[in-house]
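Scroll down for the structure; my scribbles are underneath it.
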Amino acid sequence: MEYITEICSLSDTSANEEIYERAAEIIKSGSLVAFPTETVYGLGGDATYPDAARKIYAAKGRPGDNPLIIHVAAPEDADKYAVTTELYYRLARRFMPGPLTVIMPKRDIIPYEVTGGLDTVAVRCPGSQYAREFIKHCGVPIAAPSANLSGSPSPTTAKHVYDDMCGRIPMILDGGPCEIGLESTVISLDGDGCKLLRPGAVTEDMLLEVCSHVEVARAVIDPSAAGDKPASPGMKYKHYSPKAEFTLVEGDTEAICRYLRSMASHGSVGVICADRLSETYAATGATTLTYGSDETGADLSRSLFSLLRRADELKLSSVVARAVPPQGEYMALYNRMIRAAGCRVVRLGASDNY
Ligand code: TXA
Ligand code: MG
């Protein structure tokens, strides 16, 4: 079905009530609405209605065996859809509403179409007030993956959603740019501890404040551990990818400059960098894609997906970014970057000859 896709801004709060009501009508009729969260935009449908899940998969062009997260307006709503534990409530008190998704055994009301055939369901109560208001108006849990076409970078603005979903869904709620910019932390519970399946803004150290132990799934920092051996690195595990060839580099600023100059003869090159390095890198002839000044990773996290989309708008043939450490507060960034790069990492030694 072809839709005329309407973008509804939530910035004028006096008009929002009417917008939420219309959005809820669309959800109750079994159709889809894209909505903002603090992580990325979600493509939402009624999580108790099997056909909505099918429509989500179809709109994204995503295989139907990939389970969806269900979004609730309040942490305690999880009890209606999942078998919660005491640890869930300890996590909820510390991190919810917020960027944490918890996998628990599902209740019958959640159809297998939503969980990709699994007996478990992923539950998240988003930190975004817009998201919670929308869910509250719907009166049902909202199943939602990121609102991008399968394989492309997750959307962090309503415009990104529109670029991917125009004609595929009737409505996009526009809450402005997402604060965090990377998808939520996903964990499963294991007694008094948990397993970290996807890193996000709730870090391993933060989880350790509440859980007795945190096991980090190997695939988090080593995508090749995710399944069968890939035919070639970067084919099977390419995710969040721009069309431009994205490469991570390890080395100092000088080595990266040499590398950028060597790339210039192979077409238009972009480099993702902090504001302070923009001039230095621009002098090599590369197009700079800057994310701000913060060195903690928050600015880069917020901007990464948006810059990868920008690289394609600029029709760059390749994009380079300096690799971040695979641990601590950088783990989520590393995880997304290594996937977007299809595991392409170039180590620039001091003696390298370009
Ligand atoms: O921040 C987010 O989590 C965003 C916003 C929209 O909430 N949503 C999101 O959804 O990133 P999606 O579908 O792109 O990612 C869901 C992740 C996938 O890695 C999926 O495999 C995992 O959660 N997942 C969902 N249900 C699961 C389950 N029952 N068991 C294991 N993994 C599950
Ligand atoms: Mg996604």
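A few points about this structure:
- The relative contact order of the chain comes to 19 percent, based on Cα pairs under 8 Å that sit 6 or more residues apart.
- Counting only protein chain heavy atoms and rolling a 1.4 Å probe, the accessible areas of Ser241, Ser212 rank, largest first, as Ser212, Ser241.
- The 3J(HN,Hα) values that the Karplus relation (6.51, -1.76, 1.60; θ = phi - 60°) gives for the range 44-60 are, in residue order, x, x, 4, 6, 9, 10, x, 5, 5, 4, 4, 5, 4, 4, 5, 4, 7 Hz. Gly and Pro appear as x.
- Heavy-atom accessible surface of the chain: percent carbon and sulfur, 1.4 Å: 51 percent
- Taking amide H atoms as placed 1.01 Å from N in the peptide plane, the amide H of Ala82 lies under 5 Å from those of Arg107, each 5 or more residues away in sequence or on another chain.
- DSSP beta bridge pairing in the chain, given as percent antiparallel to the nearest 5: 40 percent
- Approximate spin-label separation Glu295-Ser212, in nm, with each point projected 7 Å along Cα-to-Cβ: 4.0 nm
- For the range 5-52 versus the range 120-185, the gap between their alpha-carbon centres in whole angstrom: 9 Å
- Near Val123, the amide H atoms lying under 5 Å from its own belong to Ile70, Val102, Ile103, Met104; only residues 5 or more places off or on other chains count, and H is placed 1.01 Å from N.
- Extension gain for Ser14-Glu279 works out to 91.0 nm (0.36 nm per residue, less the C-alpha to C-alpha distance).
- Across the range 335-345, computed HN-Hα scalar couplings (Karplus, 6.51 cos²θ - 1.76 cosθ + 1.60, θ = phi - 60°) run 4, 6, 5, 5, 6, 4, 8, x, 6, 7, 10 Hz from first to last residue, x flagging Gly and Pro.
- Whole-Hz Karplus values for the range 101-115 come out as 10, 10, 8, 9, x, 8, 8, 4, 5, 8, x, 5, 4, 6, 9 Hz, taken residue by residue from phi with 6.51 cos²θ - 1.76 cosθ + 1.60 and θ = phi - 60°; glycine and proline positions read x.
- The packing ranking, built from the mean of other Cβ atoms within 10 Å per residue, places the peptides 1-9, 282-290, 129-137 in the order 129-137, 282-290, 1-9, highest first.
- Per-residue surface analysis assigns Arg124 an accessible area of about 10 Å², computed on protein heavy atoms at 1.4 Å probe radius.
The values are calculated or read from the model by the stated rules, or taken from the named source; none is laboratory data. It should be emphasised that the depicted structure is a prediction, and the values quoted were computed from it without experimental measurement. A quick note on method: Cβ atoms are made from the backbone with ideal geometry, for glycine too, and the neighbour counts reach across all protein chains shown. Please note that ligands, DNA and RNA were not included when accessible areas were found on the heavy atoms of the full protein model with its side chains. Shrake-Rupley method; radii C 1.70, N 1.55, O 1.52, S 1.80 Å.
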